[in-house]
1. First check a/c for the chain, with a ≥ b ≥ c the square roots of the eigenvalues of its C-alpha gyration tensor; if it is under 1.5, answer rounded, and if not, answer prolate when a/b is larger than b/c or oblate otherwise.
2. Using Cα centres only, tell me the gap between the range 347-382 and the range 282-317 in whole Å.
3. Given axes a ≥ b ≥ c from the Cα gyration tensor, I'd like to know whether the range 359-476 is rounded (a/c under 1.5), prolate (a/b larger than b/c) or oblate.
4. Could you sort 363-375, 18-30, 530-542 so that the peptide with the highest average Cβ count within 10 Å comes first and the rest follow in order?
5. How big is the charge dipole of the range 415-570 about its Cα centre, in debye rounded to the nearest 20, if each Lys and Arg gets +1 on its Cβ and each Asp and Glu gets -1 on its Cβ?
6. List the residues whose amide H sits under 5 Å from the amide H of Ala217, counting only those 5 or more places along or on another chain, with H placed 1.01 Å from N in the peptide plane.
7. If you roll a 1.4 Å probe over the heavy atoms of the protein chains, what accessible area per residue do you get for the chain, in Å²?
8. Quick one: putting +1 on the C-beta of Lys and Arg, -1 on the C-beta of Asp and Glu, what dipole do you get for the chain around its Cα centre, in Debye to the nearest 20?
Amino acid sequence: MLGRVSTFQPPRPWVASYADGVPEDLAPVSGSLIDIVAESVRDYPDAPALQFFGRETTYAELQDAIDHVAGGLRDLGVRAGDPVAIVLPNCPQHIVAFYAVLRLGAVVVEHNPLYTPRELRKQFEDHGAKHAIVWNKVVSTVQEFPSDLAVSTLVSVDVTTAMPFLTRVALRLPVAKARESRAALTTRVRGTVTWESLVSHDPIPESHPRPSTDDLAIIQYTSGTTGTPKGASLTHRNLLANAAQAKAWVPSIQRGKGCVVYAVLPMFHAYGLTLCLTFAMSMGARLVLFPKFDPDLVLDAMKKHPATFLPLVPPIADRLLTAANQKGVSLDGIEVAISGAMALPHELVVPFEAATHGFLVEGYGLSECSPVLMANPVADNRVPGTVGLPLPGTECRVVDPENPTVDVPAGSAGELVVRGPQVFSGYYGKPEETDAVFADGWYRTGDIVTIDEAGFVRIVDRIKELIITGGFNVAPTEVENALRQHPQIVDAAVVGLPSAHSGEEVAAAIVVDGGVDVDVEAIREFVRGILTPYKVPRRLFVVDELPKSLIGKVLRRQVKERLLALTSGS
């Protein structure tokens, strides 16, 4: 599929810039992801593995729940190699479901529970899972799929059952705030298998076959460049390697030494999945779970169990710092905060590090790479404005985008290509798309970068026209197709405009039928019925025509330049 694999070994100047204690390479991984929890259970059985609204689950209790749920899923027909959809927010049941599916040798398919029915259906059409573990708030969405997509096993999860008793009681109080909270977290469903029935099922026998290192573990969806669903096929090896690379990058945080990880990023996202779910469990850490980012909840948790390791995106860092200053809550104790998904402003780094007395460093990754490829060193030689250095065992080259087998001169801008143990094997069921992103065995990231003499990587442009807003990828084509369904819109072009709060904001230039007046907010409301909220254009511009090439392709770069000119004074 990938053609001839190059054996060329490029120089790695970045190794000399590694922080003290970070190895140049790592030993090959073995085993599978289920060993992550098993090893922490062996070493720290009574240590807290999970914390959810104050309720703790030890590693021994976590393993017990995994074994019971795996036994229940097996008796419901889940077999090795089967894709199993997980549609859950951050909650203890999510971690249990993740490892229970893997224990059977089945394949986890993560989904955003806030997706619209249309978005969720597209992904189910692609992977064809017949088993799904779903937040009861969105079970009806899956139940309403057409018959050809009907799942044979639908497990409904009430996340509130994992909360402390007093919190559950408070949600039942006959007051407006309690009713709102209860409505946001749960709803009654029928015609499903309850999560509780799985937890009480007989555990899976110890003799049941375990997955192998090179078995498929996860299908992680990425927007790609076209807006059509593409699932990155990630093996146990890919994800184990990336967790090991993350451990190696922060030698000051030692396994089993009181590490506390805050899961403020969604675990259905590759970034949150690796740094919160697999990395945390491999460290024997206390993983504090938040269904969504809420500064007040995070600050309350900081008072009792301060985060040691905090993966985040810049808007979360900014909001957390602001709230901490307003409420007089200390952020001291956060040793390492890793920022990804969008550029990290230096003006945020300085006050955040002053408040935490730790490090806030920028990293870079892609879903296809499990996802972390590089990060700034957790040391004084970090370089603001760069995405840092390739992780141990990661190889990078800068090549001519028109001829990706040819390297550009040192220091010149070109396309970043990579290979390493965390790089995926291809897109699920899409061999042609897979071939298109590999060149001689190197994965083409689609990002234009420079690498300086010390090995620091700076992203200067993107071949891909993805918009990154608040840490999420938005494919312009998908938004344009939604806009064109509006009866008044003849044509549309979607681009990202700089935003101080979210990296980029989704903006659209639209051509309307006959130049009629349009209600911009009504158009946005129309798109909300098709796409999840972060994909809805925050700004709409009515234009007479869109710039196009000789073959009729909209020139998004020119659209962006014109919109930037229009907004330069705003």
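1. Rounded is the answer for the chain, as its axis ratio a/c remains below 1.5.
2. Value for the Cα centre distance between the two parts: 16 Å.
3. Cα axes put the range 359-476 in the prolate bin.
4. Highest mean packing first, the order is 363-375, 530-542, 18-30.
5. I would put it at about 140 debye.
6. When sequence neighbours closer than 5 places are left aside, the close amide H contacts are Leu234, Thr235, His236.
7. I get 42 Å² per residue for the chain.
8. Rounded to the nearest 20 debye, it is 1140 debye.
The values are calculated or read from the model by the stated rules, or taken from the named source; none is laboratory data. Not measured: the values here are computed from a predicted model. Every residue, glycine among them, receives a Cβ derived from its backbone with ideal geometry; neighbour counts consider all protein chains shown. Each accessible area value is taken on the protein alone, full model and side chains, heavy atoms only, with ligands, DNA and RNA left out. Shrake-Rupley method; radii C 1.70, N 1.55, O 1.52, S 1.80 Å.
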